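Remarks on the structure that follows.
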Amino acid sequence: MTISDGCLRLLAVAGIGGLISAATATHVWAEDQAAFPALDELYKGTYQSPPASAPKPVTGKKIWVISCSQDVSLCAAQAQGISEAGDLLGWKTTVFDGKYDPATQGNGIRQAVAGKYDAVVIAGADCAGIKAPLEEARQAQMKVVGIEGADCNVTNAGEQPLFHAEVSYVEGDVISWVKKYGAWQADYIVARTAGKAKVIVFVSDEVLISKLNSEATIAELKRCPGCEVYEVKFSYASQGPELQQLAEQALLRYPNANGIAVPADSLILSGMGSAIEASGRDIIVMGAEGQQATMDLVRSGSKQVTAGVGIPSVWEGYSAVDNLNRLFQNQEPVGSGAGLQVFDKDHNAGTSGPFSASIDFVAGFKKAWGLAQ
């Protein structure tokens with residue numbers, strides 16, 4: 001998402017100065033009275049089983065994996081899923097740390113081309129920032145699969161797509177999924193406040209997926225007649241004290257806020273959570289992906305984060321490998337079966353580790369590949 005730490009790319013080297021002054025407060029009485037989902041629906045989620053069948057796995061492939069950042073658990077989990085699934089199929093997988101930097105990611109692609117790899121899987125990167133290396137990969141007849149990134153024809157209408165396939169979801173492609181993701185973040189707070197949500201939404205326009213996520217959260221809140229939205233700009237380049245200060249200022253500026261929504265767990269974990277806890281406010285904090293550190297806070301009942309919309313990142317890795325196997329055999333890519341599901345302390349939080357969907361997707365993929373025992 002992951003919309004998600006998987007979205008932290010194309011970072012702008014911008015500070016926090018003046019950001020809070022750009023925040024806007026809007027009270028919208030919407031005409032659209034379409035029903036909002038109930039909490040039970042959000043807790044149930046939309047996850048489905050992985051594809052039931054697949055072509056017999058090809059063997060001997062070399063796969064280059066560009067992780068969004070191995071320092072972030074969500075990105076590392078995506079890479080782990082690719083490596084695990086590749087091992088099952090007898091493939092050699094090499095993980096390269098993209099470090100949230102388009103130049104580094106592009107260099108990684110060129111190393112894969114030079115190493116004569118059969119395919120590259122790249123996570124958390126938009127095509128626009130790595131266009132030239134992707135074109136070189138296509139010319140080298142390498143297969144390219146994306147995870148949580150926008151292809152060039154999405155970021156720039158009229159351009160040719162450079163991904164052969166992307167991991168897709170029950171809701172559709174990554175764009176459809178991340179918009180629904182953002183809406184569900186709003187829906188949880190609306191349901192918890194009985195339609196009286198007053199939400200600080202942290203927004204960045206640096207990355208398309210993150211931007212679409214927050215826009216969907218805001219649009220959903222604006223459908224709610226009794227809700228208010230307070231938009232606060234932030235930069236993904238800001239970390240630690242800067243994010244903490246931004247959150248402190250927002251909480252002071254909007255003393256009646258009863259909710260906060262962020263597009264990525266890293267914002268909570270990198271400073272905002274400390275400001276929220278220090279404020280002592282009884283506020284609903286809607287996080288995102290469900291990294292282990294986030295889940296530990298949720299399970300403990302911490303004020304830093306209340307809930308989120310879980311992403312089983314290892315599942316995304318398995319789906320990328322499944323689609324590569326299909327591409328190698330000239331078959332169309334298929335959906336992953338992954339969808340959306342809300343977690344909080346009393347629902348879908350598990351007892352340890354990161355967010356985990358209730359479906360055994362590993363067994364599902366192994367069965368489809370003819371590897372089930």
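The values are calculated or read from the model by the stated rules, or taken from the named source; none is laboratory data. It should be emphasised that the depicted structure is a prediction, and the values quoted were computed from it without experimental measurement. A quick note on method: Cβ atoms are made from the backbone with ideal geometry, for glycine too, and the neighbour counts reach across all protein chains shown. All accessible areas refer to the heavy atoms of the entire protein, side chains included, with ligands and DNA or RNA removed. Shrake-Rupley method; radii C 1.70, N 1.55, O 1.52, S 1.80 Å.
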Answer residue from region 293-311, given it is part of a loop (DSSP other than H, G, I, E, B) and crowded, with 24+ Cβ neighbours inside 10 Å and is nearest to the chain's Cα centre (by Cα) among those
311
Any chance you could count how many residues in region 194-215 are in a loop (DSSP other than H, G, I, E, B) and closer than 14 Å to residue 230 by Cβ?
1
What number of residues in region 256-275 are surrounded by fewer than 24 Cβ atoms within 10 Å (Cβ to Cβ) and closer than 24 Å to residue 195 by Cα?
3
Given the criteria touching a Pro at 6+ places or on another chain (Cβ under 8 Å), at pLDDT 95 or above and part of a helix (DSSP H, G or I), does residue 182 qualify?
yes
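Could you please find all residues in region 37-94 being β-branched (Val, Ile, Thr), part of a loop (DSSP other than H, G, I, E, B) and either within 20 Å of residue 119 (Cβ to Cβ) or at pLDDT 95 or above (or both)?
46, 58, 59
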Tally, over region 98-122, of residues that are at pLDDT 95 or above, within 26 Å of the chain's Cα centre (by Cα) and not in a helix (DSSP H, G or I)
4
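Give 201, 154 a once-over and let me know the one that is touching a helix residue (DSSP H, G or I) at 6+ places or on another chain (Cβ under 8 Å), over 25 Å from residue 49 (Cα atoms) and open to solvent by 10 Å² or more (accessible area, probe 1.4 Å).
Of 201, 154, the one residue that is touching a helix residue (DSSP H, G or I) at 6+ places or on another chain (Cβ under 8 Å), over 25 Å from residue 49 (Cα atoms) and open to solvent by 10 Å² or more (accessible area, probe 1.4 Å) is 154.
The rows are residues; the columns are (1) open to solvent by 10 Å² or more (accessible area, probe 1.4 Å); (2) under 30 Å from residue 282 (Cα atoms).
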| residue | (1), (2) |
| --- | --- |
| 315 | no, no |
| 325 | no, no |
| 334 | yes, no |
| 342 | no, yes |
Residue 289: of a type in the set (D, E, K, R) and in a helix (DSSP H, G or I), yes or no?
no
Of those in region 84-105 that are buried (at least 19 other Cβ atoms within 10 Å of the Cβ) and of a type in the set (Gly, Ala, Ser), the residue nearest to residue 133 (Cα to Cα) is 98
